[in-house]
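What follows is one structure encoded as structure tokens, with my remarks underneath.
The values are calculated or read from the model by the stated rules, or taken from the named source; none is laboratory data. These numbers were taken from a predicted model, which means no experiment stands behind them. Glycine gets a Cβ as well: all are built from the backbone with ideal geometry, and neighbour counts include every protein chain shown. The accessibility values were calculated without ligands, DNA or RNA, using every heavy atom of the protein model including side chains. Shrake-Rupley method; radii C 1.70, N 1.55, O 1.52, S 1.80 Å.
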Amino acid sequence: MEKHHRAWSGMATAALTGLLIATGLVQVAGAQNAPAEKKYKDGEFDIYSAAANDVQKGNFPQAVKDLDTWRQKYADTDFKTERQALYVMAYSGAGQFDKTVDAAAPMISAGVDNVFSDPKDGPGQAIRVLFATVTSIVRISNPSAEQLAIADKASHQLLDYNRKPAGVSDTDWNNARTQLQPPAKAALLYMAMLPGNQAMAKSPKDCPGAEAAYSKALGDYPDQTAISYNLGLALSCQRKNSEAVYEFERASVLDATLGGTQPDPGKIKTFADNAYTKVHGSDEGLAQLKDQARQAPLWPAGFHIKTATEIAEEKQKEFEQSNPQLSMWMKIKAALSDNDGAQYFETQLKGAGVPKLKGVLVDAKPACKPNTLMIAVPLPDAQGAPTAEVALKLDTALTGKPTLNEEVQWEGVPSAFTQSPFLLTMDTEKDKVEGVKTTPCAATPAHPAVKKK
């Protein structure tokens with residue numbers, strides 16, 4: 001986010017400077033316009049004039065040198081305020097942003113309108129000092145507490161500034177004031193986010209510290225989506241995925257440009273939606289989350305997005321409760337089908353009593369009065385004809401011919417197993433098999449007697 005503030009600041013500086021030139025607000029107070037009560041010392045006029053001309057022409061490094069010379073030769077001067085204002089302009093133009101804020105500090109602390117009281121030139125001087133300060137603070141990676149305090153004052157003074165200079169039309173002044181709002185707000189936002197940005201820039205990242213800092217900033221600026229987005233990143237790095245997605249979606253639905261710092265808002269929207277589906281496993285419920293995120297800057301108490309794993313586990317639990325026998329068989333079959341299936345059978349399943357299972361009778365051996373029933377256990381979504389997976393060895397053969405493709409239930413004890421083809425053999429008593437329907441076996445036709453010749 002810091003680089004976005006810096007890029008924006010550069011564009012804003014150029015645009016505002018052009019506007020203020022048009023309205024006459026950036027004219028540098030030169031040595032020629034000295035108030036009558038102030039007196040030059042011998043040779044001071046020339047160096048003052050040179051520094052002012054360098055600032056006016058944009059030759060800022062040379063202006064800094066001229067101002068240093070002036071201060072060394074004339075430490076005590078009637079023009080300390082003018083010199084200090086020129087320092088602010090020169091440092092800002094030369095990219096020495098720490099020094100810009102430090103140079104502006106005495107004037108901002110005293111109140112720029114008190115320092116620059118002249119009704120004609122004063123407002124322009126005041127605005128330039130304030131503007132240089134707020135556009136410099138966002139370019140300082142690690143400003144001091146004193147610099148932050150000064151920049152905070154400058155931002156609020158610039159935000160509220162309404163002292164129209166003499167000779168400027170109401171239209172021009174209103175246009176100028178409109179241009180003063182964004183840089184002041186950008187500086188305040190930058191400073192609010194700075195503790196979080198610094199925490200995330202540490203190695204390793206201080207994600208909990210960033211979360212706390214961004215949460216506080218969001219309390220002060222609840223509609224600033226850049227804060228929401230960065231808070232989401234701080235939450236994500238702590239694996240607080242539900243809360244992170246909430247903040248990503250809030251940024252997406254309120255202002256996916258993140259305050260004008262993201263040129264392609266579609267990227268933020270796609271990122272937020274993908275973050276949701278990655279957690280939830282689908283976009284089900286996404287529209288409701290978007291509506292919810294619009295309402296408040298932070299997620300409500302107890303907020304949680306069900307993960308794909310949690311949803312699968314819930315479905316599995318529901319399945320087990322509504323299909324206990326099939327669920328138990330699926331677990332047994334999964335263990336037998338595993339690479340260690342044979343070992344599982346020998347050590348855990350063989351000879352152990354298995355609770356009642358349910359399946360479909362697909363074959364009987366022999367077809368009439370069988371002592372072996374072949375059972376399939378089809379899954380709810382199974383396709384094609386069911387295949388026998390269980391062979392029930394009866395202690396007593398049935399008395400008739402069993403009807404196939406009927407549902408049966410049984411209890412038994414596993415006695416043998418083959419993994420390929422899959423078949424579990426279970427020993428059981430005939431009376432422990434339920435649901436078997438039989439019909440009388442057809443009479444075997446008698447063989448005709450052979451006549452002796």
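Here is how the numbers come out for the structure above:
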| item | result |
| --- | --- |
| Scan of the range 162-185 for residues that are among the β-branched types (Val, Ile, Thr) and touching a residue at least 60 places away in the same chain (Cβ under 8 Å), ordered by number | Val168 |
| Check on Ala149, out of contact with any helix residue (DSSP H, G or I) (no Cβ under 8 Å at 6 or more places or on another chain), part of a helix (DSSP H, G or I) and modelled with pLDDT of 95 or more | yes |
| Subset tally (residues that are in contact with a Phe, Trp or Tyr (Cβ under 9 Å, 6 or more places away or on another chain) and either within 21 Å of Leu86 (Cα to Cα) or modelled with pLDDT of 95 or more (or both)) for the range 152-167 | 3 |
| Qualifying positions in the range 291-318 - closer than 23 Å to Tyr221 by Cα and surrounded by 12 or more Cβ atoms within 10 Å (Cβ to Cβ) | Gln292, Ala293, Pro297, Leu298, Trp299, Phe303 |
| Scope the range 221-250; condition assigned to a helix (DSSP H, G or I), surrounded by fewer than 24 Cβ atoms within 10 Å (Cβ to Cβ) and polar (S, T, N, Q); matching residues | Ser236, Asn241, Ser242 |
| Residue check, Ala90 surrounded by 23 or more Cβ atoms within 10 Å (Cβ to Cβ), of a type in the set (Gly, Ala, Ser) and over 23 Å from Val168 (Cβ atoms) | yes |
| Answer residue from the range 358-407, given it is touching a helix residue (DSSP H, G or I) at 6+ places or on another chain (Cβ under 6 Å) and of a type in the set (Val, Ile, Thr) and is farthest from Ser322 (Cα to Cα) among those | Thr396 |
| Qualifying position, being surrounded by 14 or more Cβ atoms within 10 Å (Cβ to Cβ) and free of Cβ contacts under 8 Å to residues at least 12 places away in the same chain, among Thr277, Thr270, Thr261 | Thr277 |
| Options Asp98, Asp113, Asp170: the member that is open to solvent by 70 Å² or more (accessible area, probe 1.4 Å), of a type in the set (D, E, K, R) and modelled with pLDDT under 95 | Asp170 |
| Output for the range 297-331, where each listed residue is closer than 30 Å to Asn230 by Cβ and of a type in the set (Ser, Thr, Tyr) | Thr307, Thr309 |
| Contacts under 8 angstrom Cβ, first residue in the range 281-304 being under 23 Å from Ser215 (Cα atoms), partner in a loop (DSSP other than H, G, I, E, B) and of a type in the set (D, E, K, R), 6 or more apart | Pro297/Asp223 |
| Residues that are of a type in the set (S, T, N, Q) and surrounded by fewer than 22 Cβ atoms within 10 Å (Cβ to Cβ), drawn from the range 117-152 | Ser117, Ser141, Asn142, Ser144 |
| Matching residues, the range 179-214, being under 24 Å from Ala132 (Cβ atoms) and open to solvent by 70 Å² or more (accessible area, probe 1.4 Å) | Gln179, Lys185 |
